[in-house]
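*Asks:* The structure follows.
No value in this document is a laboratory result; all are computed from the given coordinates. Keep in mind the model is a prediction, meaning the values are calculated, not measured. Positions of Cβ are backbone-derived with ideal geometry, glycine not excepted, and every protein chain shown enters the neighbour counts.
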Ligand code: PRX
């Protein structure tokens with residue numbers, strides 16, 4: 001039996017969403033959606049109010065997703081301009097550098113001016129409504145400024161995480177035909193310099209379409225400036241006006257593209273649009289975190305991921321919050337860093353990833369206990385399943401047993417949170433994503449698509465689908481609408497398939513059991529095994545590769561790569577190092593394989609399909625029962641795998 005932490009009395013008394021309110025709103029969103037969304041979307045300032053709520057169908061013949069489609073608005077005006085009258089002098093962003101002596105605060109008024117100036121600078125560099133702008137930045141306020149500046153002029157941003165290699169960056173620039181890149185000279189992480197501008201220079205050798213690069217001077221390192229192409233932000237900033245009118249955008253105009261990994265092929269450009277996304281991000285930010293104006297809120301994600309988009313920038317700023325941005329890493333200069341930041345800025349709500357918690361937990365409680373953390377009242381977790389041990393540590397040691405934990409389940413595709421316990425409404429079960437957000441209808445299906453019925457007191461386990469659209473749903477894969485439909489709506493006809501396994505327990509709580517496709521979750525970062533495989537086979541000495549996930553104490557999952565070398569190549573340790581370096585070069589450090597297993601051959605069926613089930617078992621170290629191997633073209637391959645080299 002899992003432990004249950006009841007709703008604390010003070011939370012039930014003061015929370016915005018109590019058990020009764022949750023039930024009422026959940027019902028209202030489904031039974032009277034027009035009224036529900038009229039009220040919820042009123043948290044956004046519309047230039048022209050919408051009259052059409054939604055036109056959504058997951059069926060092939062009528063497929064389409066639209067919310068609030070005839071309404072108009074501007075995202076940056078919602079995140080900035082409308083706060084100026086009442087909250088102009090409230091801090092919008094508290095920034096702390098990798099080096100703690102570097103601190104910045106920007107009020108809403110200051111942020112507004114920065115965004116206007118950058119929007120004007122982008123226009124001066126030729127950016128127009130609908131253009132794609134790639135943002136490759138460290139975690140500094142200018143990353144948020146760049147995103148908001150794009151949304152102000154109606155340009156579509158594509159943020160690429162600073163940990164991706166020049167090769168990966170180039171692929172993303174090419175895929176969406178970006179003609180402008182915003183970057184910084186460099187970033188700092190854990191005392192190490194990340195040479196962002198140099199990476200951009202290398203990437204742009206393959207991207208002739210990029211005509212301008214805007215470079216923020218952050219670290220002050222030496223960088224190359226290509227005449228006519230590269231422009232310093234501080235110079236451009238000084239040359240433009242401090243005000244920039246915002247564009248009136250349609251609710252369904254694109255807001256951003258964010259590349260994410262799937263089970264096959266290259267990363268997909270997930271496209272989010274304007275009105276539905278902002279409503280969804282702002283609504284969930286308020287309810288999930290029980291956020292109230294004036295509170296200091298810190299989401300420790302990087303803006304290179306969707307969590308950074310929705311819960312560092314758009315959700316909090318739409319709600320007029322004070323959002324903390326941190327450039328560095330949890331263990332630098334010491335393992336107390338996160339909690340020192342909490343104390344320094346009096347953070348009330350902290351939202352982070354299980355992988356960081358597991359890494360900190362391993363270092364012992366003293367690093368946490370050396371800090372006060374009295375300001376904290378709510379903790380959040382995101383990105384991967386949180387194991388009960390890490391959950392209990394988070395609760396007991398970080399939160400001193402006072403702070404509820406919201407374990408938020410969602411995806412790049414879903415825009416913002418889909419399932420979570422709400423702190424004043426639901427007793428907490430460690431590791432359970434718990435209950436759906438308003439408007440979200442989960443359904444658990446078996447492998448054949450049969451719906452496992454929802455019966456009180458009866459548990460069910462299978463694959464997680466969502467049966468109807470919600471405002472923050474992605475609208476398409478950039479440049480490939482057919483791939484969007486094929487990827488998400490054909491496994492189970494008429495439903496959105498998440499790719500996740502899920503169980504519902506006797507009390508109706510949902511638990512995410514992990515991906516059921518060929519996607520692995522490494523330190524909360526999504527990685528397609530196919531991507532790592534194609535990086536490996538691009539190496540001249542590799543004949544074949546198959547990649548699977550393996551359990552990893554800190555990262556959740558690690559990357560286990562089976563590699564068959566070309567005839568005549570020696571499987572040496574040096575070759576291993578060469579291949580690891582190669583993958584880092586092709587994708588980036590986040591794709592570093594944990595194990596390279598030199599395999600004389602891979603286990604294949606007679607039709608040539610690799611039997612991943614066997615590879616997963618061996619990677620997990622569970623070789624006692626490899627299951628039926630009789631359908632393999634050559635069953636002796638399994639023995640050779642068991643005796644060959646890791
Ligand atoms: O497998 C689920 C896992 O992360 C995947 C989505 O990854 P990404 O698009 O990168 O978005 C991460 C940030 C929202 C999901 O398919 N996942 C995310 N949150 C949780 C989770 N698994 C279990 N519990 C969670 N809270």
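*Asks:* Describe numerically, in nm with one decimal, the distance between label points set 7 Å from Cα along Cα→Cβ at residue 629 and at residue 595.
*Replies:* Between residue 629 and residue 595, the simple spin-label model gives 1.5 nm.
*Asks:* Something else about it: Using alpha-carbon pairs under 8 Å, 6+ residues apart, how would you state the relative contact order of the stretch 132-179 in percent?
*Replies:* The normalised contact order for the stretch 132-179 reaches 50 percent.
*Asks:* Here is a follow-up. I'd like to compare 293-304, 71-82: which one has the highest average count of other Cβ atoms within 10 Å, and what's the full order after that?
*Replies:* Going from most to least packed, we get 71-82, 293-304.
*Asks:* Provide the convex hull volume over Cα atoms per residue for the stretch 365-436, in Å³.
*Replies:* 96 Å³
*Asks:* I need the Debye-formula profile for the stretch 158-199: one equal scatterer per C-alpha, no solvent, reported as log10 I(q)/I(0) at q = 0.20, 0.21, 0.24, 0.28 1/Å, two decimals.
*Replies:* So the normalised log intensities work out to -0.62, -0.67, -0.84, -1.07.
*Asks:* Take each of the peptides 226-235, 133-142, average the number of other beta-carbon atoms within 10 Å over its residues, and list them starting from the highest.
*Replies:* Descending packing order for the listed peptides: 133-142, 226-235.
*Asks:* What is the pair-distance distribution P(r) of the stretch 261-325, computed from all Cα-Cα distances in 5 Å bins starting at 0, with each bin given as a whole percent?
*Replies:* Per 5 Å bin, starting at zero, the Cα-Cα P(r) for the stretch 261-325 comes out as 4, 17, 26, 22, 14, 9, 5, 3, 1 percent.
*Asks:* Quick one: compute the contact order of the stretch 523-643, relative version, from alpha carbon pairs under 8 angstrom and 6+ residues apart, as a percent.
*Replies:* 23 percent
*Asks:* Let me have the relative contact order for the chain, percent, based on Cα pairs under 8 Å that are six or more residues apart. If you can, show how the numbers build up before the last one.
*Replies:* On the way: 1414 pairs, mean separation 85.3, N = 646.
Worked out over the chain, it gives 13 percent.
*Asks:* For the stretch 1-123, what D do you get in µm² per second when you plug the Kirkwood radius from alpha-carbon pairs into Stokes-Einstein at 20 °C and 1.002 mPa s?
*Replies:* 113 µm²/s
*Asks:* For a protection proxy built on the mean count of beta-carbon atoms within 10 angstrom, sort 272-281, 571-580 highest first, please.
*Replies:* Order by mean packing, descending: 272-281, 571-580.
*Asks:* Using only C-alpha atoms and all pairs of different ones, pull out the Kirkwood radius for the stretch 523-643 in Å with one decimal.
*Replies:* Values: mean 1/r = 0.0678 Å⁻¹.
Roughly 14.7 Å, rounded to one decimal.
*Asks:* Out of all DSSP beta bridges with both ends in the chain, state the antiparallel percent to the nearest 5.
*Replies:* In the chain, approximately 60 percent of DSSP beta bridges are antiparallel ones.
*Asks:* Over all directions, average the projected area of the Cα convex hull of the chain and note it in nm².
*Replies:* 28.8 nm²
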